[in-house]
1. From the list VAL59, VAL46, VAL21, exactly one residue is more than 16 Å from PRO177 (Cβ to Cβ) and touching a Gly at 6+ places or on another chain (Cβ under 9 Å). Which is it?
2. Read through the list (1) surrounded by fewer than 20 Cβ atoms within 10 Å (Cβ to Cβ); (2) of a type outside the set (Ser, Thr, Tyr); (3) assigned to a helix (DSSP H, G or I); (4) within 13 Å of the ligand (Cβ to nearest atom), then give the number of the only condition that VAL31 fails.
3. Considering only the stretch 113-123, state which residues are touching a strand residue (DSSP E or B) at 6+ places or on another chain (Cβ under 7 Å) and buried (at least 16 other Cβ atoms within 10 Å of the Cβ).
4. Please give the number of the condition GLU45 fails out of (1) modelled with pLDDT of 95 or more; (2) open to solvent by 80 Å² or more (accessible area, probe 1.4 Å); (3) within 11 Å of the ligand (Cβ to nearest atom).
5. Please specify each residue of the stretch 55-79 satisfying the condition of being crowded, with 21+ Cβ neighbours inside 10 Å and farther than 28 Å from TYR8 by Cα.
6. Looking only at residues that are free of Cβ contacts under 8 Å to residues at least 40 places away in the same chain, part of a strand (DSSP E or B) and aliphatic (A, V, I, L, M) in the stretch 114-128, which one is farthest from the ligand (Cβ to nearest atom)?
7. Under the condition of being more than 17 Å from LEU78 (Cβ to Cβ) and assigned to a loop (DSSP other than H, G, I, E, B), which residue from the stretch 132-146 is nearest to the ligand (Cβ to nearest atom)?
Amino acid sequence: MDPDLYAYPETDRPWLRTNFVSTVDGAAHDVSGVTDSLGGEADREVFQLLRRLADVVMVGAGTARIEKYRSVSTPLALVSRRLDIHERLVGPGLFVITTTDAASDRVETLQAAGVEVIAHGEIEIDWPAVLDDFQSRGWRRILCEGGPTLHGDLVTHDLVDEVCLTIAPMLTSGDAPRIAHSRLPVAHGMTLGHAVPVGDVLLTRWVRDRT
Ligand SMILES: NC(=O)c1ccc[n+]([C@@H]2O[C@H](COP(=O)([O-])OP(=O)(O)OC[C@H]3O[C@@H](n4cnc5c(N)ncnc54)[C@H](OP(=O)(O)O)[C@@H]3O)[C@@H](O)[C@H]2O)c1
């Protein structure tokens, strides 16, 4: 797999890339409720490469809980309204994206442990303000690793510039979510960046068509 396929474009604004794996029938997790068995080595390589290329890795609290996230070398921005964050993640290097009305006692506990809390928007996160905040920290290459709830919110607000999607050679049925879901259906055109087969796994990259 050629790393140049995943180079971020030169832009003067934050570029929001998301990275997902799905089964052939569009399930965002395997029958165990996680993504472990999907994608194999090729997907793991892309996952690691995308982390290395990013200025910040953003992830929803649900994914961090279920996929047992640990700190990464890139700044990790965890999105949560409830702020019920596992202690293995709490400490310097963790940034938490939340709303201004988040529970103040939880905010204080996190801050006391060295976590930087970034609060924008009341009741709902104000994403343009979050992206401005990222920009002011010099974070323009943003990688969002999901999950579907966070992705759905970002898609609804038309903030996703690029989706890196691995199609895993598996058919599952069941009631797993797609890679994005939200109350409001939207339809945004995408152009194909690349589609590269690696054995039976298909690595794809889709770019938001803003023309
Ligand atoms: N296929 C893939 O590539 C992939 C990638 C990631 C995850 N997954 C799978 O997806 C499943 C988890 O799905 P999920 O939808 O629950 O994941 P998620 O989006 O990571 O987690 C949802 C939680 O994140 C926080 N959150 C998300 N968006 C928010 C927003 N706009 N504002 C405030 N808080 C927000 C909330 O946390 P609080 O409850 O703390 O407020 C919410 O309950 C797992 O099975 C995981 O394996 C698959």
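1. VAL46
2. Checking VAL31 against (1) surrounded by fewer than 20 Cβ atoms within 10 Å (Cβ to Cβ); (2) of a type outside the set (Ser, Thr, Tyr); (3) assigned to a helix (DSSP H, G or I); (4) within 13 Å of the ligand (Cβ to nearest atom), the one that fails is (3).
3. Of the stretch 113-123, the ones touching a strand residue (DSSP E or B) at 6+ places or on another chain (Cβ under 7 Å) are 115-119.
Scanning the stretch 113-123 gives VAL115, VAL117, ILE118, ALA119.
4. Checking GLU45 against (1) modelled with pLDDT of 95 or more; (2) open to solvent by 80 Å² or more (accessible area, probe 1.4 Å); (3) within 11 Å of the ligand (Cβ to nearest atom), the one that fails is (3).
5. Passing the criteria: none in range.
6. Start the filter on the stretch 114-128 by keeping residues that are free of Cβ contacts under 8 Å to residues at least 40 places away in the same chain, which leaves 114-117, 119-124, 126-128.
Then keep just the ones that are part of a strand (DSSP E or B); that gives 116-117, 119.
Filter once more, so that each one left must be aliphatic (A, V, I, L, M): 117, 119.
Values: VAL117: 13, ALA119: 11 Å.
Among those residues, the one meeting the criterion is VAL117.
7. Restricting to residues being more than 17 Å from LEU78 (Cβ to Cβ) and assigned to a loop (DSSP other than H, G, I, E, B), the top hit is ARG140.
Residues are listed down the side, and each one gets a yes or a no for (1) open to solvent by 30 Å² or more (accessible area, probe 1.4 Å); (2) part of a loop (DSSP other than H, G, I, E, B); (3) in contact (Cβ under 8 Å) with a residue 12 or more places away in the chain:
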{"residue": "ARG81", "(1), (2), (3)": "yes, yes, yes"}
{"residue": "GLU87", "(1), (2), (3)": "yes, yes, no"}
{"residue": "VAL90", "(1), (2), (3)": "yes, yes, yes"}
{"residue": "GLN111", "(1), (2), (3)": "yes, no, no"}
{"residue": "VAL130", "(1), (2), (3)": "no, no, yes"}
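The values are calculated or read from the model by the stated rules, or taken from the named source; none is laboratory data. Worth saying up front: this structure is predicted, and the values here are computed from it rather than measured. Methodologically, a virtual Cβ is constructed for each residue, glycine included, from the backbone with ideal geometry; neighbour enumeration extends over all protein chains shown. Note: areas computed on protein heavy atoms with side chains; ligands, DNA, RNA excluded. Shrake-Rupley method; radii C 1.70, N 1.55, O 1.52, S 1.80 Å.
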